[in-house]
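What follows is calculated from the coordinates using simple rules that are stated; it is not laboratory data. The structure presented is a predicted model; accordingly, all values stated were derived computationally and were not measured. When we count neighbours, we look across all protein chains shown, and the Cβ atoms used for this are built from the backbone with ideal geometry, even at glycine.
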């Protein structure tokens, strides 16, 4: 649903850019607001679409900044109407939360900046403040996200930067193909920056240091394919600039193919594109070598290289990656996770218990949310805790039943309703 919604937003934005009517940018904001109701992370792209609408209107109106600011404002207004108006209609006051059930990132980030966030242990055994933790993870993940994008579709993404610079310098309006590249660049670079920061932020309570979440922007894959086919439409840069771009793509491809499989957990909850390729051993490096060879060919023969990259290499990389991921997913399908079993068991033993009297305590959002999904009651509370934590009574004052996942103990009077491998369902005794 998220991929479909975001593809729709891109289509509406390109249509509005082609028509040139500033009122149509409200539809872009409305479409993005609907996408944010599907998945709150669509909010990350509001600045990109606002800037896109502003730049396109600025160029259409011969450099009048007031026109660009008006279109950007209309885009933001449309987003607010859809996100909060429809949110309120569907969910009442709960629909007025900016990030839905993800609580308030603003409050948590304030704690980080004030150095008041909980201190978490690192692999080295040293202690780091919340701000240092966020900054360390975010900076490293930004490099990894950028390397992933350069490997998947380096030439179209770098071309989008050239197009944006060209549009700023030239006075004429933006054409439809250039609009696509500008929007692709704005969304891509804004998403990899914000997602890296987000991964650092959520690690304050849920360790994301070994998770690289590409799923937030994998809806761009069809756009990468289209942009690759359009590469021959543009005049190539000089040899020195091609050499610089090519070096970045080759270095990023080889670095990512070696570093990602050994340092990051390959979860399908994080990416639909890379886990199968990462699980294939040396094939990942082989693919990176093929991409690098094609980029070298492009550096010295750009006209033929554009065709080779756009029509063969980029589609081939994505087809191979997705086919391997699908094959790997089929091979592991049916493996029963302990938290699925915890959810099924909890659903049966807690039948008839109101959701607001249940709390699920675990170590990761994936496990906790899965159990809540299987219980299938509204307003179930949740709490993330480190392995080996002991939960005091103060954390469960408004609950009657607790589902614990993994190695987590409780320090209050209780009786065990049922238990299984890796989980317990307990009733609080008062």
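Under the classification rounded if a/c is under 1.5, otherwise prolate if a/b is larger than b/c and oblate if not, where does the range 338-428 fall, given a ≥ b ≥ c as square roots of the Cα gyration tensor eigenvalues? Write down the numbers at each step before the final one.
Values: a/c = 1.33, a/b = 1.12, b/c = 1.19.
Rounded, since a/c falls under 1.5.
Based on other C-beta atoms within 10 Å, arrange 233, 365 from fewest to most.
On the way: 233 13, 365 16.
Ranked by crowding around the Cβ, least crowded first: 233, 365.
Could you give the length gained by full extension between residue 259 and residue 419, i.e. 0.36 nm per residue of separation minus their alpha carbon distance, to one decimal place?
On the way: separation 160, 0.36 × 160 = 57.60 nm, distance 3.93 nm.
Between residue 259 and residue 419, full extension yields 53.7 nm more.
Mind giving me the FRET efficiency for residue 393 and residue 293? R0 is 41 Å, r the Cβ-Cβ distance, nearest 0.05 is fine. Intermediate values should be presented prior to the final figure.
On the way: r = 63 Å, r/R0 = 1.53.
With a Förster radius of 41 Å, E is 0.05.
Tell me, what is the percent relative contact order of the chain, built from C-alpha pairs under 8 Å that lie six or more residues apart? Mind showing how you got there, number by number?
Numbers: 653 pairs, mean separation 46.9, N = 430.
That works out to 11 percent.
Please work out how much length the chain gains when fully extended from residue 248 to residue 386, using 0.36 nm per residue of separation minus the C-alpha to C-alpha distance, in nm with one decimal. Display every interim value, and only then the final one.
On the way: separation 138, 0.36 × 138 = 49.68 nm, distance 3.87 nm.
Full-extension gain reported as 45.8 nm.
Ignoring everything except DSSP H segments at least 4 long, calculate the 222 nm mean residue ellipticity for the chain; use -39,500 (n - 2.57) per segment, divide by total residues, nearest 500.
Numbers: 16 runs with 249 residues, N = 430.
After summing the helix terms and dividing by residue count, I get -19000 deg cm²/dmol.
Please report the spacing between the Cα centers of the range 176-227 and the range 1-55 in Å, no decimals.
Taking the Cα centre of each part, the range 176-227 and the range 1-55 sit 15 Å apart.
Between residue 327 and residue 69, what is the label-to-label distance in nm when each label sits 7 Å out along the Cα-to-Cβ direction?
My value for the distance between the label points is 5.7 nm.
Restricting to Cα pairs below 8 Å that are 6+ residues apart, what does the relative contact order work out to for the range 104-332? Please round to a whole percent.
Details: 268 pairs, mean separation 49.6, N = 229.
Across the range 104-332, relative contact order equals 22 percent.
Order of 42-48, 399-405 by packing, highest average Cβ count within 10 Å first? Display every interim value, and only then the final one.
Working: 42-48: 20.1, 399-405: 22.0.
In descending order of packing, they fall as 399-405, 42-48.
Based on the mean of other Cβ atoms within 10 Å per residue, sort peptides 415-421, 7-13 so the most packed one is first. Display every interim value, and only then the final one.
On the way: 415-421: 11.4, 7-13: 19.4.
Ranking the peptides 415-421, 7-13 by packing returns 7-13, 415-421.
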